[in-house]
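To start, the structure under review is shown below, and the notes come after it.
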Amino acid sequence: MSNAGTGTTIDDALTLLRRYGPEFGEMRLANHGPMAAEALLTLNRAPEMIPWAESYAPRLEDRPRSSNPIDADAWRDALGQSHRVADWTAFFEAELARGSYQTVVESWIPRLLPGLAAAAAHGVIRVAHAVRSLDAGVSAPRTQELADGFGYWAASYFELPGTPSDRVRAPSAALAEIPRVELSNRDGSITARLKELGSHPRFQSGLEAAGPGDDASAFLSDLTATMARVYLANSAHGTTYDIAFIHAVTGPSAVRLLAPHLDAATTQVALRYAWQVAAGIYAAYSDTPYGADSSSPTAPGREIDDIIDRAVATGDEHAIKFTEACLREHSIAPDPALLAAADLVAERLAPK
């Protein structure tokens, strides 16, 4: 999968979507426009990108305006203040005007990692898609998109309870030790349900069950494939579950896109928080204990292009992003669960 040589660049979609803010609607859903457009380009579906963005845009809301600049000496005090998302975006616009995008990524990712769960991991996912675009070539629209992604991450910042441990153990061996928590807010947003985990100390202690070793790529491969299996085991429970477990794959997979810009120590920290977020989603949503279904998923009998076409045909932003992440992870460490999950999401999120 590559976005090279398509004749259409992500700049076209980003320019079209530039006027819109990071959330919309009564539920304050995340604006997936720039992320899904970039995923379409990466999936070699450039001709679909602008039509898709044009069809997606009408549901969005206008970009808010900055009115209260972030104090550079007291920025921590403004973390998690969602009403200041425009102020945070302006702050990162100024940061990017002073230095390269690589410098800003290297400086700010470590500061924001403890809040990787922000907006159900949409902050880190949006930043990662923007960084991948910039890695392919710097432009004003791509730089602006990175400012938007960082601004959203900082404004929606919150930290899950517990501290990821220094233990070295694969997620696939550890997930069964994460307790599934009965929450009072069963119908709330992903973020609302994750925040409720703060009152469950068993979840906090369960985080000590896993942690990365020296092979960051192998840890991410194990984590994403494990969460793809969780998705397959829970997908019959409803669309809300689809969306939640999609983020348990796309959130950690976003860390892979950022890792080339991080030093070894920061990458280790990022992997631990990626595990924390995935474990949190499992604890808050899984109705099926991990390992209870002993059957191994079977790869679908479809070509990769057919899986991509099915995802694109749904028109669903989550299906597009999830398919791109699953296929990218599968290309690095082949696993039938990733292909099966990418194939199933087109069925689950197809228009009814």
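The values are calculated or read from the model by the stated rules, or taken from the named source; none is laboratory data. It should be emphasised that the depicted structure is a prediction, and the values quoted were computed from it without experimental measurement. Here Cβ is always computed from backbone atoms with ideal geometry, including for glycine, and neighbour counts include all displayed protein chains.
All of (1) more than 19 Å from A128 (Cβ to Cβ); (2) touching a residue at least 40 places away in the same chain (Cβ under 8 Å); (3) surrounded by 15 or more Cβ atoms within 10 Å (Cβ to Cβ) hold for W275 with one exception: (1). Scanning region 32-48 turns up one or more residues that are in contact (Cβ under 8 Å) with a residue 24 or more places away in the chain, part of a helix (DSSP H, G or I) and more than 19 Å from A130 (Cβ to Cβ). Any residue in region 292-304 that is in a helix (DSSP H, G or I) and surrounded by fewer than 21 Cβ atoms within 10 Å (Cβ to Cβ)? So far as region 292-304 goes, yes, one or more of its residues are in a helix (DSSP H, G or I) and surrounded by fewer than 21 Cβ atoms within 10 Å (Cβ to Cβ). Cβ separations smaller than 8 Å between residues 6+ apart or across chains give no pair from region 78-100 residues that are outside the structural domain of P141 (by TED's automatic domain parsing) and within 14 Å of P22 (Cα to Cα) to residues that are buried (at least 19 other Cβ atoms within 10 Å of the Cβ) and modelled with pLDDT of 95 or more. Give the residue that is farthest from G151 (Cα to Cα), with candidates limited to residues of region 10-58 that are surrounded by fewer than 22 Cβ atoms within 10 Å (Cβ to Cβ) and of a type in the set (D, E). Selected residue: E48. Selection of helices (runs of 4 or more DSSP H) fully inside region 139-248 by the criterion of at least 1 residues being in contact with a Ser or Thr (Cβ under 6 Å, 6 or more places away or on another chain), buried (at least 18 other Cβ atoms within 10 Å of the Cβ) and in contact (Cβ under 8 Å) with a residue 12 or more places away in the chain returns 140-155, 171-174, 216-234.
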